[in-house]
Amino acid sequence: MDFVEDHSQEDLHLIELQAPGAAPLHAGVTASGMVYLRGDLHPLGSATALLKAARAQVPYAAVSAVNVLFPADWLRGECLHDADRLRVIAAMERLVRGAAR
């Protein structure tokens, strides 16, 4: 799947999601409303997601050396064959949009 968008730079507001007893998860949202989620939601893992995103010129944000955020729309496109991942992405996206208000 090709990912085409305006490549002008936009600030990413980082959000830390914390569930009781769990490690914090990072996500992000831009001023225009694009949600960025963790690469480990990709069916082949974060490292493969990074390679595929770089090849397709998909924007991403490195939170740390092992935590990279990708646009939720791109991740959704990569997971079309996996209904469970699509539900997780949709839920995470709603959570991030709610936290960004």
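Restricted to the stretch 20-67, and to residues there that are touching a Gly at 6+ places or on another chain (Cβ under 7 Å) and open to solvent by 10 Å² or more (accessible area, probe 1.4 Å), the residue that is modelled with the highest pLDDT is TYR36.
Once the stretch 79-100 is narrowed to residues that are open to solvent by less than 30 Å² (accessible area, probe 1.4 Å) and touching a helix residue (DSSP H, G or I) at 6+ places or on another chain (Cβ under 7 Å), the residue that is farthest from PRO24 (Cα to Cα) is CYS79.
Within the stretch 2-18, is even one residue surrounded by fewer than 17 Cβ atoms within 10 Å (Cβ to Cβ), modelled with pLDDT of 90 or more, among the hydrophobic types (A, V, I, L, M, F, W, C) and on the phi < 0 side of the Ramachandran plot? No; the residues of the stretch 2-18 include none that is surrounded by fewer than 17 Cβ atoms within 10 Å (Cβ to Cβ), modelled with pLDDT of 90 or more, among the hydrophobic types (A, V, I, L, M, F, W, C) and on the phi < 0 side of the Ramachandran plot. For beta carbons closer than 8 Å, sequence separation of 6+ or different chains, a first residue in the stretch 59-71 that is within 14 Å of ASP40 (Cβ to Cβ) and a second that is of a type in the set (A, V, I, L, M) and part of a loop (DSSP other than H, G, I, E, B), the qualifying pairs are LEU69/VAL63; PHE70/VAL58.
The values are calculated or read from the model by the stated rules, or taken from the named source; none is laboratory data. Please read all numbers here as calculations on a predicted model, not as lab measurements. Cβ sites come from the backbone with ideal geometry, for glycine too, and all protein chains shown count toward neighbours. Side chains are part of the model used for accessible areas, which takes the heavy atoms of the whole protein and leaves out ligands, DNA and RNA. Shrake-Rupley method; radii C 1.70, N 1.55, O 1.52, S 1.80 Å.
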